[in-house]
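Only one structure is covered here, and it is reproduced in the block below.
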Amino acid sequence: MPENRTERAHSEPDARRVRLAIPVALFTVLVIAILTLAGIGARYWTRGDFNVIHALLILFLSINLVICYWEVCLFLKRDYIERRAEYWRKRWRETGRKPSTEFLTTKVPLTRVLSPTVWADVWATYSQFDGSYADRRTYGYSVDIANGFVIPIPTLILYAAFTFDILPAPVAGIVGVILFWQLTYMTSVYWVSFFSANRQTRISRWDMYIYIWGMNSPWVLFALLGLYVSIRLIVNGDYSVLGY
């Protein structure tokens with residue numbers, strides 16, 4: 001009887017921890033949705049209107065803030081990521097499940113949702129398609145670390161400026177040109193570095209379309225939209241391009 005009570009005592013806290021957990025993908029979507037809806041809602045609250053271009057840019061800036069946090073984790077957990085990349089590689093061979101899918105469906109305790117160790121697996125799993133993120137000597141690794149520490153500030157400035165027009169339009173436009181041009185150029189060079197190193201030969205064509213083209217395209221397409229808006233802010237001298 002005492003042994004049975006001990007087993008129950010251990011299992012009950014474990015059950016509570018399982019209930020207070022959330023899948024990685026769901027948590028990521030929720031954070032992005034909250035940030036996006038906060039910007040759209042703030043505009044509607046203060047001005048009583050909705051603008052598609054504003055909504056798209058707020059969505060992109062919200063995604064970018066999440067990615068910046070992941071990029072900081074890339075720096076903080078660089079040694080751990082190299083070890084985890086090998087772990088996921090072996091697990092893929094053993095189970096046949098793609099590490100990215102397994103990671104995104106993994107449940108994380110709510111007490112650890114901001115742990116850099118948890119989000120280090122973003123890079124350890126992505127490195128199965130591009131090994132540069134488990135190799136600190138590469139362009140992809142270095143540029144993403146730089147982005148993680150530098151880009152949050154202009155991202156937050158533009159998030160606030162586009163939503164509340166708190167800066168003179170030309171000033172917001174200059175910040176936007178700097179940020180969006182950097183993102184466009186950085187992503188384009190990343191693609192060049194990926195294909196120049198013939199990394200596409202190590203993955204399937206389908207994985208290349210999804211993980212290399214698909215997951216990186218927003219940083220060109222949305223950035224080009226942001227670049228257009230920023231130039232209009234400078235040229236027009238007002239926020240009319242965003243419907244103000």
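Residues of the stretch 99-109 that are within 12 Å of Asp207 (Cβ to Cβ) and either surrounded by fewer than 17 Cβ atoms within 10 Å (Cβ to Cβ) or touching a strand residue (DSSP E or B) at 6+ places or on another chain (Cβ under 6 Å) (or both): Thr101 alone. When the stretch 26-84 is limited to residues that are in a helix (DSSP H, G or I) and among the aromatic types (Phe, Trp, Tyr), the one that is most open to solvent (accessible area, probe 1.4 Å) turns out to be Trp45. Kindly evaluate Leu224 against the criterion of being open to solvent by less than 30 Å² (accessible area, probe 1.4 Å), touching a residue at least 12 places away in the same chain (Cβ under 8 Å) and in a helix (DSSP H, G or I). It is false that Leu224 is open to solvent by less than 30 Å² (accessible area, probe 1.4 Å), touching a residue at least 12 places away in the same chain (Cβ under 8 Å) and in a helix (DSSP H, G or I).
Identify, please: which residue in the stretch 132-149 is of a type in the set (S, T, N, Q) and without any contact (Cβ under 8 Å) to a residue 60 or more places away in the chain and is, among those, least open to solvent (accessible area, probe 1.4 Å)? If we take residues in the stretch 132-149 being of a type in the set (S, T, N, Q) and without any contact (Cβ under 8 Å) to a residue 60 or more places away in the chain, then Thr138 is least open to solvent (accessible area, probe 1.4 Å). All but one of (1) surrounded by 15 or more Cβ atoms within 10 Å (Cβ to Cβ); (2) among the small types (Gly, Ala, Ser); (3) modelled with pLDDT of 95 or more hold for Ala197, so report the exception by its number. Evaluating Ala197 over (1) surrounded by 15 or more Cβ atoms within 10 Å (Cβ to Cβ); (2) among the small types (Gly, Ala, Ser); (3) modelled with pLDDT of 95 or more leaves (3) as the failure. The condition of being open to solvent by less than 60 Å² (accessible area, probe 1.4 Å), without any contact (Cβ under 8 Å) to a residue 40 or more places away in the chain and either on the phi < 0 side of the Ramachandran plot or not small (Gly, Ala, Ser) (or both) holds for only one of Thr155, Thr187, that being Thr187.
The values are calculated or read from the model by the stated rules, or taken from the named source; none is laboratory data. Just so we're clear, the structure is a prediction, and the values are computed from it rather than from any experiment. Positions of Cβ are backbone-derived with ideal geometry, glycine not excepted, and every protein chain shown enters the neighbour counts. Heavy atoms of the whole protein, side chains included, go into the accessibility calculation; ligands, DNA and RNA do not. Shrake-Rupley method; radii C 1.70, N 1.55, O 1.52, S 1.80 Å.
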